[in-house]
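Note sheet for the following structure.
Rule-based calculations on the coordinates, nothing more; no lab input. Computed from a prediction, not measured in an experiment: that's the story for all the values here. Methodologically, a virtual Cβ is constructed for each residue, glycine included, from the backbone with ideal geometry; neighbour enumeration extends over all protein chains shown.
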Amino acid sequence: MTAQSRPVPGDKDRLAEIHLQIGSRLAGQDHRYTSGRRQLVDVLAHAGQPMTLPDIVAADRNLAQSSAYRNLDVLVRCGAIRKISTGGDHAHFELAEPLLGHHHHLICTSCGAIEDIHLDSDVELLVDQSLTAIASQSGFTPIHHSLDLHGHCADC
């Protein structure tokens, strides 16, 4: 595993670039980059892990849950945010891979916690090559892959 590539508080240049990319994505689908959407992106960019809607709203008390949910839906549809369904009560949300960088997840089936993991580049290449070979046997053309490992976290 390698370090996470999320922007850290104070990494204003990286966060500004993320906002520019998301603004462009939204404009390309005739949506505005409202202050509420910017707030959601800020919370997710600084979180360090995928978050549920209740966690997002708790992180920024200025976000109303109903508008946050609608804005998350727009951001998911434009490809700026990824929705991760774990089978629990709440889906988790994070910045999409083009913004955050390629990574995978450890998902606890007991408590629903999610942790980002990054594979060594050699392992990532092997996974990608193996999946491409398997897909080609079925005439399937892969675009990208994601790997979620389900199990129990240390706390559970």
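Between the helical axis of 65-77 and the longest alpha-carbon principal axis of the chain there is an angle of about 50 degrees.
Find the percent of Cα-Cα distances in the chain that exceed 26 Å, and round it to a whole number.
Values: 3836 of 12090 pairs.
Summing the P(r) of the chain above 26 Å gives 32 percent of all pairs.
In the chain, a dipole from Cβ-located charges (positive for Lys and Arg, negative for Asp and Glu) runs towards its positive end, and of His118, Phe140, Leu63 it is Leu63 whose Cα lies farthest in that direction. Let me know the longest stretch in the chain that avoids all trypsin sites (Lys or Arg not before Pro) found in a DSSP loop with at most 14 other C-beta atoms within 10 Å. Longest run free of exposed loop sites: 62-156. Seen against the Cα atoms of the chain and their longest principal axis, helix 121-137 is set at about 70 degrees. Compared with the dominant Cα axis of the chain, that is its longest principal axis, helix 12-28 is turned about 90°.
Work out the FRET efficiency for Val123 and His150 from their Cβ-Cβ distance, taking R0 = 25 Å, and round it to the nearest 0.05. It comes out at approximately 0.85. With the charge dipole of the chain set up from +1 on Lys and Arg Cβ and -1 on Asp and Glu Cβ about the Cα centre, the Cα lying farthest toward the positive end among the listed residues Gly151, Ala96, Leu26 is that of Leu26.
Using Cα springs under 10 Å in a Gaussian network model of the chain, which residue among Ser130, Ser66, Ser138 shows the largest mean-square fluctuation? Ranking Ser130, Ser66, Ser138 by mean-square fluctuation puts Ser138 first.
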